[in-house]
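Notes follow once the structure below has been shown.
Since every read-out is calculated from the coordinates, none of them should be taken as a lab result. Just so it is clear, the structure is predicted and the values come from calculations on it, not from any experiment. Neighbour counts are summed over all protein chains in view; Cβ atoms, including those assigned to glycine, are modelled from backbone coordinates with ideal geometry.
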Amino acid sequence: MKVLVVGNGGREHALAWKLLQSQKIERVFCAPGNGGTATLAGCQNVDVTVDDFQGMAKLAHAEGISLVVVGPEVPLAKGISDYLQAQGLMVFGPNKMGAQIEASKAWAKALMQEAGVPTAKAAVFTDIVAAKSYIKSQGAPIVVKADGLAAGKGVIVAQAIAEAEAALDAIFGGQFGSAGNFVVIEECLVGQEVSVLALTDGLTIRPLLPAQDHKRIGEGDTGENTGGMGAYAPAPVATPAMMARVQTEVLEPTIAALQGKGIDYRGVLYAGLMVAPDGEFKVLEFNCRFGDPETQVILPMLDTPLEDLLLACVQQRLGDMPPITWKDGASATVVAASGGYPGDYAKGKVITGLQEAEIAGATVFHAGTKLLDSQVVSDGGRVLNVTAIGADFKQALDRAYAGIAKIEFAGMYYRRDIGHRVMS
């Protein structure tokens with residue numbers, strides 16, 4: 001079969017890479033793809049942007065594509081699944097109604113409260129005066145969130161009331177465009193964050209390995225939030241007993257609540273959890289797609305053919321599938337970023353050492369790259385995900401760092417403490 005993967009990041013490179021490990025997959029098309037998918041055997045980049053739904057449909061029909069897998073949240077929130085399904089195509093990814101679970105934090109919070117899912121206490125505002133009054137009544141630390149999609153940058157954990165008020169000024173002042181029409185203000189939860197990505201066909205829901213990522217730019221988890229500077233799986237803090245509770249207290253009630261709203265949700269339901277020191281957990285947020293960089297550490301551990309799981313979700317027969325099987329050991333990825341990220345950064349820097357990194361035992365998933373005159377150059381903030389698996393976390397991390405040590409581009413930056421929680 002032929003598969004179309006929508007997107008151009010590290011997550012999409014990992015999806016294409018995993019799909020191509022199966023003999024059932026003849027070819028993967030990436031729209032628009034990146035420098036890594038351009039050089040992946042069996043993969044072809046196509047010059048179609050993620051919001052060109054008509055172009056996607058035309059391509060899929062022309063190439064005889066059996067399945068479309070949507071990577072990013074923005075096209076899902078804009079209704080790509082609805083559009084392509086109406087054109088007779090099979091799509092892995094929720095419809096526009098379902099994608100509200102990520103596209104509107106206020107909608108998701110209401111759904112969680114309705115479903116009885118454990119989550120932080122919150123209030124929603126459209127008026128800055130009322131919002132500031134609420135913050136003063138609650139005190140700090142407190143969390144301020146732009147309601148809509150803000151590329152992972154619309155959440156501010158304010159340690160002081162003045163910082164929270166400045167966040168409100170920025171959001172209501174239009175820093176995040178229409179994403180800031182509503183603001184969600186939440187109590188500040190403390191603990192360790194865990195990403196639980198689950199596959200669902202709208203009836204059955206099955207979790208993948210729990211993963212942990214490092215969102216802060218600086219070592220010691222300091223500095224600004226990013227899209228993720230590294231990750232590892234399976235996250236030890238998510239014990240088997242906790243995962244059993246997540247299934248019954250988070251995943252199943254959420255799918256039931258979606259069904260209750262008449263939403264047929266087929267794709268990834270990704271729960272971002274905060275696990276307190278006593279082991280209790282609450283949902284910080286939901287996402288409607290594969291996580292990035294979590295996907296880059298989860299898929300290398302997956303033994304069950306990925307296309308079998310995706311098709312079972314699309315065809316609503318996940319409940320008939322045998323249990324998902326996994327490799328033993330652990331997986332880790334380290335992100336190589338452009339100097340200046342998550343602020344301003346330069347593009348077009350020539351990247352060397354990619355082949356040497358693979359020889360050192362790593363797999364390099366490209367995120368912000370492109371192929372230019374047969375050279376791979378930087379084309380984003382997060383440029384590469386250097387990933388490795390091992391018998392344990394130490395071996396996986398050692399291999400990932402041995403790989404990244406071979407890579408160079410001007411201004412390259414990476415954290416040297418990825419996995420510090422599992423290594424201490």
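Do the sum for the chain: with -39,500 (n - 2.57) for every DSSP H run of n ≥ 4, divided by all residues, what is the mean residue ellipticity at 222 nm, to the nearest 500 deg cm²/dmol?
Using -39500 (n - 2.57) per qualifying helix, the result is -8500 deg cm²/dmol.
Along the Cα→Cβ direction, 7 angstrom out, place labels at H420 and T39. What is the inter-label distance in nm?
In this crude label model, H420 to T39 measures out at 3.2 nm.
Dipole magnitude of the chain about its Cα centre, charges +1 at Lys/Arg Cβ and -1 at Asp/Glu Cβ only, in debye to the nearest 20?
160
State log₁₀ I(q)/I(0) for the range 155-198 at q = 0.16, 0.17, 0.25, 0.34 Å⁻¹ as given by the Debye formula over alpha-carbon point scatterers of equal weight, solvent excluded.
Cα-only, vacuum Debye calculation for the range 155-198: -0.55, -0.60, -0.92, -1.24.
For L311, what charge total do you get from the other residues with a beta carbon under 12 Å from its beta carbon, if Lys and Arg give +1 and Asp and Glu give -1?
With Lys, Arg at +1 and Asp, Glu at -1, the net is -1.
List the lysines whose Cα sits under 23 Å from the Cα of K132, skipping any in the same chain fewer than 8 residues away.
K105, K109, K121, K145, K153
Going by how many other beta carbons lie within 10 Å of each one, how would you line up F409, F92, F365, fewest first?
Ordered by Cβ neighbours within 10 Å, fewest first: F409, F92, F365.
GNM, the chain, Cα, under 10 Å: largest mean-square fluctuation among K261, K105, K282?
K261
Top mean-square fluctuation among V377, V48, V190, Gaussian network model of the chain, C-alpha springs under 10 Å?
Between V377, V48, V190, it is V190 that shows the largest mean-square fluctuation.
When the chain is fully extended, how far beyond the present Cα-Cα distance does V46 get from Q23, taking 0.36 nm per residue of separation?
Contour length minus the Cα-Cα distance gives 6.1 nm.
So for each of 31-41, 330-340, 79-89, 240-250 I average, over its residues, the number of other beta carbons within 10 Å; can you give me the resulting order with the highest mean first?
Descending packing order for the listed peptides: 330-340, 31-41, 79-89, 240-250.
Could I have the simple spin-label model distance between T325 and Q259, label points 7 Å from Cα toward Cβ, reported in nm to one decimal?
2.9
Explain nothing, just compute: Karplus ³J(HN,Hα) = 6.51 cos²θ - 1.76 cosθ + 1.60, θ = phi - 60°, for every residue of the range 384-389 in order, whole Hz, x for Gly and Pro.
9, 10, 8, 10, 8, 10
Mind putting a number on the dipole of the range 121-187 about its Cα centre? Charges go on the C-beta only, +1 for Lys and Arg and -1 for Asp and Glu, and I need it in Debye to the nearest 20.
60
Any idea what diffusion coefficient the chain gets from Stokes-Einstein, in µm²/s, Kirkwood Rh on alpha carbon pairs, 10 °C, 1.306 mPa s?
My calculation gives 73 µm²/s for D.
Would you mind ranking I351, I359, I324 so that the residue whose beta carbon has the fewest other beta carbons within 10 Å leads the list?
I359, I324, I351
For the chain, what proportion of DSSP beta bridges, expressed in % and rounded to the nearest 5, is antiparallel?
If I count the DSSP bridges inside the chain, around 80 percent turn out antiparallel.
For the range 121-187, compute Rh as the Kirkwood radius over C-alpha pairs and then the Stokes-Einstein diffusion coefficient at 10 °C and 1.306 mPa s; write the answer in µm²/s, rounded to an integer.
For the chosen part, D equals 141 µm²/s.
Take the residue pairs K18/K349; K136/K215; K24/K215 and return only those whose Cα atoms are more than 30 Å apart.
With Cα atoms farther than 30 Å apart: K24/K215.
For K347, give me every one of the aspartates and glutamates with a C-alpha distance below 19 angstrom, ignoring sequence neighbours fewer than eight places off in its own chain.
Of all the aspartates and glutamates, those that pass the test against K347 - Cα under 19 Å, at least 8 places apart if same chain - are D373, D379, E408.
What FRET efficiency comes out for the pair R317/S137, r = Cβ-Cβ distance, R0 = 41 Å, nearest 0.05?
Computed FRET efficiency for R317 and S137 comes out at 0.25.
Would you tally the net charge around G361, using a Cβ to Cβ cut-off of less than 14 Å, leaving G361 out, and scoring K and R as +1, D and E as -1?
0
Could you tell me the calculated FRET efficiency between E224 and Q113, based on Cβ-Cβ distance and R0 = 51 angstrom, to the nearest 0.05?
The pair E224/Q113 has a calculated efficiency of 0.95.
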